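The values are calculated or read from the model by the stated rules, or taken from the named source; none is laboratory data. Just so you know, these numbers come straight off a predicted model, no measurement behind them. A quick note on method: Cβ atoms are made from the backbone with ideal geometry, for glycine too, and the neighbour counts reach across all protein chains shown. We work out accessible area using only protein heavy atoms, side chains counted, and drop any ligands, DNA or RNA first. Shrake-Rupley method; radii C 1.70, N 1.55, O 1.52, S 1.80 Å.
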Amino acid sequence: MWSDQLNILSKLNAQRCWNVLRLRFSYMLAKRFKRIRQRALPFAASIEPTTACNLGCPECPSGLKQFTRPIGRLQLDLHEKMLDQLGKQLFYINYYFQGEPFLHPQFLDLIKAAHRRKIYTATSTNAHFITEKKAEEIVSSGLDRMIISIDGLTQETYEQYRRKGKLEKVIQGTENMLRAKKKLNRNTPHLIFQFLVVRPNEHEVDDIVKLGDEMGVDEVRLKTAQLYDYENGNPLMPHNEKYSRYRKNKAGKFVPKYHLKDHCWRMWSSTVLTWDGKVVPCCFDKDAKHVLGDVTKTPFKKVWRHPQYQAFRKQVFTDRQSIDICQNCSEGTKVWA
C-alpha cells in the first residue's frame, strides 16, 4: 500500500502542490464562512471510457440498462481535448464512471496518453477480459491502479450480485495480472480486490481477506452497497449493520446511517466527465442528471468556474439534503479490510 501512496506522490510537482494548497484554502473558507469562490482547478477527475457493460448487477443502472443517457464510448480525439482542458495541475484520473472499461477497444490508449503526462491512472473492472496477453499490455501501458470487483468466493454467491458473471474469469484475470507484473518486473498496477458486502456474501468477508493474501494482491477493500430501494429493507442488505449503509429507525424503516453535512470536498478536488464530454459534479450522478457543462462546447476551465457550477457548490454547502444524488452518498461509509 505504501508503494502505491509513494507512486501518487511521485506525480507531484511545484505547480500541482500549489494548486492543492489553493484548493484546501478555498474549501476551508467555503466550509467555515460559506464563501463559495473556486479559483483553483481540480487535481483529480473521473473520465468515463464507456457506459457499456457485460454484466447485469441489480443496483447498477449500467448493468440494468436503465440509463436515459446514450450508451457509447469515448473517442480518442475527445479524450485528448479533455486532457488539454483539464490542465497540467491534474495528477490523478480514475478511468471509470459507469460501464466496464475493458469493453472499450482502445482503453489502454487512454491510459498511455495520461501516463505520458505523468498523471496517476486508476480503473475498476470486473476482470472478465484480462487474458494473458491483455495483462501484459495493461502492465506495459503504465496503469497505476486496478480495482478488481470480486463479490463472492463461490459462483453461487458471486452471481447473486454480479449477474451474468463468472467467478472463474475474475480469478483467472487476477492471476494473469500477477504473472504479468512478475514477468515484466513491474510494481504497477497496484492490484486491489474490492468486495462489495451484501447479504449473500457477508459470511465470506474473512475469507476474501485470506484469498487476497494467498494470491498476492496488494490490497483487499470491503465496500458497502448503495441500494436504491432500502426503506422497507432489501434482500441485498447485510444482516451485520457494520457492512451496511443503512440502519433501522424507531418507526421500523431503514434510513442512511450517516447524517449529511453541508460540505463536500469532492466539489473542490475533483470532477467527472462522461464519455461524450458532459461534466457532472460527482460519481453519484450516474445518469448525468446534473450536467454542469460540456467540454465539446465550452472549455473545462470556464465550466468549472461558471455560475451554474458555483450555484451547485453553494447548494451543497447550504442545503445538501435537498440534492437527490447526495441522499445515498457514500462519503465516509467505506469499510477497510
Selected residue [β-branched (V, I, T) and within 28 Å of P58 (Cβ to Cβ)] from V295, V280: V280
Elements of type helices (runs of 4 or more DSSP H) contained in the stretch 231-337, each with 1 or more residues being within 21 Å of R199 (Cα to Cα) and open to solvent by 50 Å² or more (accessible area, probe 1.4 Å): none
Check on R199, open to solvent by 30 Å² or more (accessible area, probe 1.4 Å), part of a loop (DSSP other than H, G, I, E, B) and more than 14 Å from C57 (Cβ to Cβ): yes
Counted residues, the stretch 41-73 - those being surrounded by 20 or more Cβ atoms within 10 Å (Cβ to Cβ), small (G, A, S) and assigned to a loop (DSSP other than H, G, I, E, B): 2
Every pair of residues 6+ apart whose Cβ atoms lie under 6 Å, when the first sits in the stretch 109-135 and is without any contact (Cβ under 8 Å) to a residue 60 or more places away in the chain while the second is open to solvent by less than 10 Å² (accessible area, probe 1.4 Å) and charged (D, E, K, R): T121/D144
Residues that are touching a helix residue (DSSP H, G or I) at 6+ places or on another chain (Cβ under 8 Å) and either part of a strand (DSSP E or B) or open to solvent by less than 20 Å² (accessible area, probe 1.4 Å) (or both), drawn from the stretch 202-216: E204, V205
Residue match in the stretch 90-106 (condition: within 23 Å of T298 (Cβ to Cβ), touching a residue at least 60 places away in the same chain (Cβ under 8 Å) and in a helix (DSSP H, G or I)): no
